[in-house]
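**Q** Just passing along the structure, written as structure tokens.
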């Protein structure tokens, strides 16, 4: 009933029009396509963006953006020998970040021509990818488990959002955080300020972006399997003139110390990429204040939610007001390999107590 093609060619303008009804239904707009187009112009050695096209009766019926990863040793192990061994094997796996949209420039719910056929199309696509790959890992809301028949399931970090749909002013956000005003004063006294840049960064700002990225990745507990692609696509996106992309940039005495890029799409503000200079002894609460600045922007622009991706640190955990439980769904054309990789992941950083402590939170909701 369905046909499939998997390629490194992104949707054409005409193909994008097929999904206009769906993106409106999920409160997005066509601005998401240019971000994804930048992702597909950002190929690196060990991570490759791919587009799965789903056809029904020879007509385009769906599209899913996935990533083929091979050099992911550092994401699994801190030990250089173990991580090096995994990289040497170059066992490919396909990854679909299915929650949210455009987080890390690649998350996407899957787009369909006819929304009423969504589950049917997505199930067919998942089964195709399962048969196609040695390993498929989908990060999705736990409540969507019905899409993943016979999958191995592992806990993932929750999805972090700020629901600002009922906020009238930034004071509605600040009232829940007693110390924020003090932190904002300290930041200002120490020479800190936030500036807003629209659409794209200049060459000097791009140099600081890269510096912040590298300092963050070197010190972060969570090293992404697609880390190099993440940096490459962040640079590509930031030097491309894209409508409705906003940069919230933290300065200390006039020097760039961190930022967050976000896409205003429909009624959402979606985090694209961001990093802070972790080589500095302190940024005087610049990261905390970022959440204030983004929430203030969202309220002033009548937006309903701000999507911050997965909870990866304590600051994000406490600064958002909505967290949704997620899981990793593992699938393979070989059941034995699926079970082996499920056991392997349990002894890696991905499933360590240190990492999953952000999941141990009684405010996580289910939907």
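**Q** In the stretch 16-49, how many are in contact (Cβ under 8 Å) with a residue 24 or more places away in the chain and more than 17 Å from residue 105 (Cβ to Cβ)?
**A** 9
**Q** Name the residue, out of 313, 270, that is surrounded by fewer than 18 Cβ atoms within 10 Å (Cβ to Cβ) and under 20 Å from the mean Cα position of the chain (by Cα).
**A** Result of the check over 313, 270: 313.
**Q** Filtering the stretch 319-360 down to residues that are touching a helix residue (DSSP H, G or I) at 6+ places or on another chain (Cβ under 6 Å) and within 21 Å of residue 133 (Cα to Cα), which residue is surrounded by the fewest Cβ atoms within 10 Å (Cβ to Cβ)?
**A** 333
**Q** Yes or no: the stretch 195-207 includes at least one residue that is touching a residue at least 60 places away in the same chain (Cβ under 8 Å), outside the structural domain of residue 68 (by TED's automatic domain parsing), over 14 Å from the mean Cα position of the chain (by Cα) and surrounded by 15 or more Cβ atoms within 10 Å (Cβ to Cβ).
**A** No, the stretch 195-207 has no match at all.
**Q** Let me ask something else. Scan the stretch 70-113 for residues that are in a loop (DSSP other than H, G, I, E, B) and touching a strand residue (DSSP E or B) at 6+ places or on another chain (Cβ under 7 Å) and jot them down.
**A** Hits for the stretch 70-113 are 92, 98, 99, 100, 101, 102, 106, 107, 108, 110, 113.
Results for (1) within 25 Å of residue 179 (Cα to Cα); (2) free of Cβ contacts under 8 Å to residues at least 24 places away in the same chain, shown as yes or no for each residue.
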position	(1), (2)
233	no, no
248	yes, no
260	yes, no
271	yes, no
282	yes, yes
314	yes, no
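**Q** Considering 303, 312, which residue is closer than 28 Å to residue 171 by Cα, at pLDDT 95 or above and assigned to a loop (DSSP other than H, G, I, E, B)?
**A** The conditions single out 303.
**Q** Against the definition (surrounded by fewer than 19 Cβ atoms within 10 Å (Cβ to Cβ), free of Cβ contacts under 8 Å to residues at least 40 places away in the same chain and either within 23 Å of residue 238 (Cβ to Cβ) or not assigned by TED's automatic domain parsing to the domain that holds residue 275 (or both)), how does residue 114 come out, yes or no? Write out each step before concluding.
**A** Numbers: surrounded by fewer than 19 Cβ atoms within 10 Å (Cβ to Cβ): yes; free of Cβ contacts under 8 Å to residues at least 40 places away in the same chain: no; either within 23 Å of residue 238 (Cβ to Cβ) or not assigned by TED's automatic domain parsing to the domain that holds residue 275 (or both): yes.
Criteria not met by residue 114.
**Q** Identify all residues within the stretch 16-55 that are in contact with a strand residue (DSSP E or B) (Cβ under 6 Å, 6 or more places away or on another chain), buried (at least 16 other Cβ atoms within 10 Å of the Cβ) and within 12 Å of residue 112 (Cα to Cα); write none if there are none.
**A** 18, 19, 22, 52, 53, 54
**Q** Here's something else I'd like to know. Going through the stretch 334-357 one residue at a time, which ones are part of a loop (DSSP other than H, G, I, E, B) and touching a strand residue (DSSP E or B) at 6+ places or on another chain (Cβ under 9 Å)? Give the steps one after another, and end with the answer.
**A** Residues of the stretch 334-357 part of a loop (DSSP other than H, G, I, E, B): 334, 346-348, 352, 357.
Residue satisfying the conditions is 346 alone.
**Q** Also, I was wondering about something else. Scan 261, 298, 275 and give me the residue that is assigned to a helix (DSSP H, G or I) and surrounded by 20 or more Cβ atoms within 10 Å (Cβ to Cβ).
**A** Details: 261 fails: assigned to a helix (DSSP H, G or I); 275 fails: assigned to a helix (DSSP H, G or I).
It is 298.
**Q** Can you give me the number of residues within the stretch 35-69 that are outside any strand (DSSP E or B) and either within 20 Å of the chain's Cα centre (by Cα) or more than 26 Å from residue 1 (Cα to Cα) (or both)?
**A** Of the residues in the stretch 35-69, 12 are outside any strand (DSSP E or B) and either within 20 Å of the chain's Cα centre (by Cα) or more than 26 Å from residue 1 (Cα to Cα) (or both).
**Q** Among the numbered criteria (1) crowded, with 17+ Cβ neighbours inside 10 Å; (2) out of contact with any strand residue (DSSP E or B) (no Cβ under 8 Å at 6 or more places or on another chain); (3) at pLDDT 90 or above, which single criterion is violated by residue 189?
**A** The one condition residue 189 does not meet is (1).
**Q** If a residue has to be in contact with a strand residue (DSSP E or B) (Cβ under 9 Å, 6 or more places away or on another chain) and either in a loop (DSSP other than H, G, I, E, B) or closer than 30 Å to residue 88 by Cα (or both) to count, how many in the stretch 1-15 make the cut? Let's see the steps before the verdict.
**A** First, pick out the residues of the stretch 1-15 that are in contact with a strand residue (DSSP E or B) (Cβ under 9 Å, 6 or more places away or on another chain): 1-11, 15.
If we keep only those that are either in a loop (DSSP other than H, G, I, E, B) or closer than 30 Å to residue 88 by Cα (or both) too, we end up with 1, 5-11.
Result for the stretch 1-15: 8.
The values are calculated or read from the model by the stated rules, or taken from the named source; none is laboratory data. Model, not experiment: these values are computed from the prediction. With ideal geometry, Cβ positions are generated from the backbone for all residues, glycine too; neighbour counts draw on all protein chains shown.
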